[in-house]
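Read-outs: derived from the displayed coordinates by stated rules, not from any lab. None of these values were measured; they are calculated from a predicted model. Cβ sites come from the backbone with ideal geometry, for glycine too, and all protein chains shown count toward neighbours.
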Amino acid sequence: MLKLRYATPAAWVDVVEADLVGFLQDHAANEHRVSRSALSLALQFPERRELVDAMVDVSMEELEHFKLVYELLKARGASLGQEHPDPYMRQLRKRLADPDREVWLLHRLVLFAIVERRGYERFAMLGDGLSDPSLRDTYQELARSEARHHALYLRLARQYFDAALVDERLERFLDIEAEVMRGQPLGPSLH
Ligand SMILES: [Fe+2]
Ligand SMILES: [Fe+2]
């Protein structure tokens, strides 16, 4: 697994615990967004069969996570939150945009690999530190899924692009991700 260049402070788990419903609402919105992003990647590159197959599967899996988090909200008498942009994702997408279609695909795969790695870090922290044992189990399971997605995006990047090029982008984007993450307030949100 890639090593992130900014470690989320342990206090983040307490921030989440203090507003669990707010966090779950943000988490649900995130699952919905990643499901949509995976599907739109499939639709943008219909000629890449293996990518399409993988993205259709990932999109469905993320939508199942969305449903799971929605159930957690309902069990707490809460509803879905208001749809709102994720400043972390917005900044990263803007920084990594590229007019060339192939480069854009490379950037997307590298970016998603890093974002899933961040998801792994944070879900694993919740799987370890939340006080509710059943929620801990849920987040451990979700962390495993993020680790699988992380590996999948890396594998796809290396399948379609030169290894040295992928490594060069990883090197650069890991720094950018750390900088963007460090700039986010430590709130009851996934990013
Ligand atoms: Fe997910
Ligand atoms: Fe994921």
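In terms of the Cα gyration tensor, with a ≥ b ≥ c the square roots of its eigenvalues, is segment 14-80 rounded because a/c is under 1.5, prolate because a/b exceeds b/c, or oblate? The shape class here is prolate. Taking every alpha-carbon pair under 8 Å whose residues sit at least 6 apart, the chain reaches a relative contact order of 34 percent.
Using R₀ = 35 Å, calculate the FRET efficiency as 1/(1 + (r/R₀)^6) where r is the Cβ-Cβ separation of Leu170 and Leu43; round to 0.05.
0.85
Taking loop as defined by DSSP and a crowding limit of 11 other beta carbons within 10 Å, which GluC sites (Glu not before Pro) in segment 74-143 fit?
Listed in order of number, the matching sites are Glu83.
Among the trypsin sites (Lys or Arg not before Pro) in segment 74-160, those located in a DSSP loop and surrounded by at most 11 other Cβ atoms within 10 Å of their own Cβ are Arg76.
In the frame of its principal axes, segment 98-182 has Cα extents of 46, 27, 20 Å, reported largest first. Think of each Lys and Arg Cβ as +1 and each Asp and Glu Cβ as -1; about the Cα centre, that makes the dipole of the chain roughly 300 debye. Highest GNM mean-square fluctuation among Ala18, Ala147, Ala164, for the chain modelled with Cα contacts below 10 Å: Ala164. For segment 1-59, applying the loop criterion from DSSP together with a ceiling of 10 other beta carbons within 10 Å to the GluC sites (Glu not before Pro) yields Glu47.
Only helices reaching 24 angstrom along their own axis (Cα) with mean Kyte-Doolittle hydropathy no lower than -0.5 count here, and for the DSSP H runs of the chain these are 20-44, 49-75, 101-129, 163-182. Each semi-axis of the equivalent ellipsoid for the chain is √(5λ) with λ an eigenvalue of the Cα gyration tensor; in descending order they amount to 28, 18, 15 Å.
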